[in-house]
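For reference, the structure is listed below as structure tokens.
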Amino acid sequence: MAEQTRYMVLGATALDASKMASITAPDGGTAGLSMQEMAHLGKLILRGDVATLTSLCKQAGLSYPEVANTVSSKGTRHALWLGPDEVMLLIEAGAEEQLAVTLQKSLEGKSGSVVNITDGLCAFNLSGENVRDVLAKGCPLDLHHTVFGTGSCAQSLLAHAGITLACLAPDTFILIGRTSFASYIANWLADASLEYGFAC
């Protein structure tokens, strides 16, 4: 019997139905906020004790983020600490299904879980010299670079929408939210960027 091969067909992205437009910076210079949708970015939620999470992260090629509200990164993969027993893995589009199967098999007989939530959440890469200023208009986190620096992450709100925010570089963030809120979040960011300029 021939071996069955599974293929993943990528569908519409979270913003496919939205008509986003760039906004020129008032001074004619570089836009203060640039936003790119991270289409089909893989997202897995891992649950378990520290030993379990450490093992699962290692199998994904990452180290477990031992400090609360921090990110562990290697290449394009990231592990976000969400709670004492919860980590979110961000991995390249298309790789999440096989990784989820591999991680689930490694849990046999152990306490823990691996859940693929890729389609339920959207992700945006945000960058620019005014990215913190824009986010601060709708997010209650203290986003000063001395408080929320590179390697920080947290769950919070952005203009009433639940988000997870991770800082990958001084002026670079990944923002994750519900897919159903994708257009709302993107349009809010564009509107909040009027005084700085917005690139998409």
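Remarks
- Filtered residues of region 28-83 (kept if over 14 Å from Leu99 (Cα atoms) and of a type in the set (S, T, N, Q)): Thr30, Ser34, Gln36, Thr52, Thr54, Ser63, Asn69, Thr70, Ser72, Ser73, Thr76
- Among (1) more than 15 Å from the chain's Cα centre (by Cα); (2) surrounded by fewer than 20 Cβ atoms within 10 Å (Cβ to Cβ); (3) touching a residue at least 24 places away in the same chain (Cβ under 8 Å); (4) part of a loop (DSSP other than H, G, I, E, B), the one test that Leu62 misses: (2)
- Which listed residue is within 19 Å of Ser72 (Cα to Cα) and either touching a Pro at 6+ places or on another chain (Cβ under 8 Å) or outside any strand (DSSP E or B) (or both), from Leu175, Leu103, Leu194, Leu135: Leu103
- Consider region 1-56 and keep the residues that are among the basic types (Lys, Arg) and under 19 Å from Phe124 (Cα atoms). The one that is modelled with the highest pLDDT is Lys43.
- In region 179-195, the residues that are crowded, with 17+ Cβ neighbours inside 10 Å form Cβ pairs under 6 Å with partners that are part of a loop (DSSP other than H, G, I, E, B) and at pLDDT 95 or above, at six or more places apart or across chains, as follows: Trp188/Ala159; Ala192/Lys137.
The values are calculated or read from the model by the stated rules, or taken from the named source; none is laboratory data. Quick caveat: nothing in here was measured; it's all calculated off a predicted structure. Here Cβ is always computed from backbone atoms with ideal geometry, including for glycine, and neighbour counts include all displayed protein chains.
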